[in-house]
Amino acid sequence: MGIALNLTGRMVMTIEALIIWLVIGAIAGWLAGQIMEGYGFGLIGNIVVGIVGALIAGWLLPKLGFVLIGGIGATIINAVIGAVILLAAIALFKKAA
């Protein structure tokens, strides 16, 4: 499950991995919206915020020495942290504009 090689040797994402990304993105985006009051983006918006948040956390948190190792719970926590960072940055830019 996850990333697989196709017949040409290229890496491709399996459908199961895509569904997991979407579910974790939706959960993380929704939780971040609950933490940062006033942010509700609907299902698609929550998925986008959650996935972008996961990417931010995956890049930023190891640089800060903060890494959660574990299963799906740790993945969701990382994605929520990244999504909250994203929403806080958006809020700062909105205030500045």
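Right, Gly33: touching a Phe, Trp or Tyr at 6+ places or on another chain (Cβ under 6 Å), surrounded by 11 or more Cβ atoms within 10 Å (Cβ to Cβ) and of a type in the set (Gly, Ala, Ser) or not? So that I can check it myself, show each step before the final result.
Working: touching a Phe, Trp or Tyr at 6+ places or on another chain (Cβ under 6 Å): yes; surrounded by 11 or more Cβ atoms within 10 Å (Cβ to Cβ): yes; of a type in the set (Gly, Ala, Ser): yes.
Considered against the rule, which asks whether it is touching a Phe, Trp or Tyr at 6+ places or on another chain (Cβ under 6 Å), surrounded by 11 or more Cβ atoms within 10 Å (Cβ to Cβ) and of a type in the set (Gly, Ala, Ser), Gly33 comes out as yes.
Just give me the residues in the stretch 11-34 being touching a Leu at 6+ places or on another chain (Cβ under 8 Å), assigned to a helix (DSSP H, G or I) and aliphatic (A, V, I, L, M), in sequence order.
Within the stretch 11-34, the subset touching a Leu at 6+ places or on another chain (Cβ under 8 Å) is 11-12, 26, 32-33.
Those left that are additionally assigned to a helix (DSSP H, G or I): 26, 32-33.
Within the stretch 11-34, Ala26, Ala32 meet the criteria.
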Residues of the stretch 36-63 being surrounded by fewer than 13 Cβ atoms within 10 Å (Cβ to Cβ) and assigned to a loop (DSSP other than H, G, I, E, B), in sequence order, are Glu37, Gly38, Gly40
When (1) surrounded by 12 or more Cβ atoms within 10 Å (Cβ to Cβ); (2) assigned to a helix (DSSP H, G or I); (3) free of Cβ contacts under 8 Å to residues at least 12 places away in the same chain are applied to Asn78, the one that fails is (3)
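Values quoted throughout were computed directly from the atomic coordinates according to the rules given, and no laboratory measurement underlies them. Everything numeric in this text was worked out from a predicted model, so none of it was measured. FYI the Cβ positions are ideal-geometry reconstructions off the backbone, even for glycines, and counts take in every protein chain you see.
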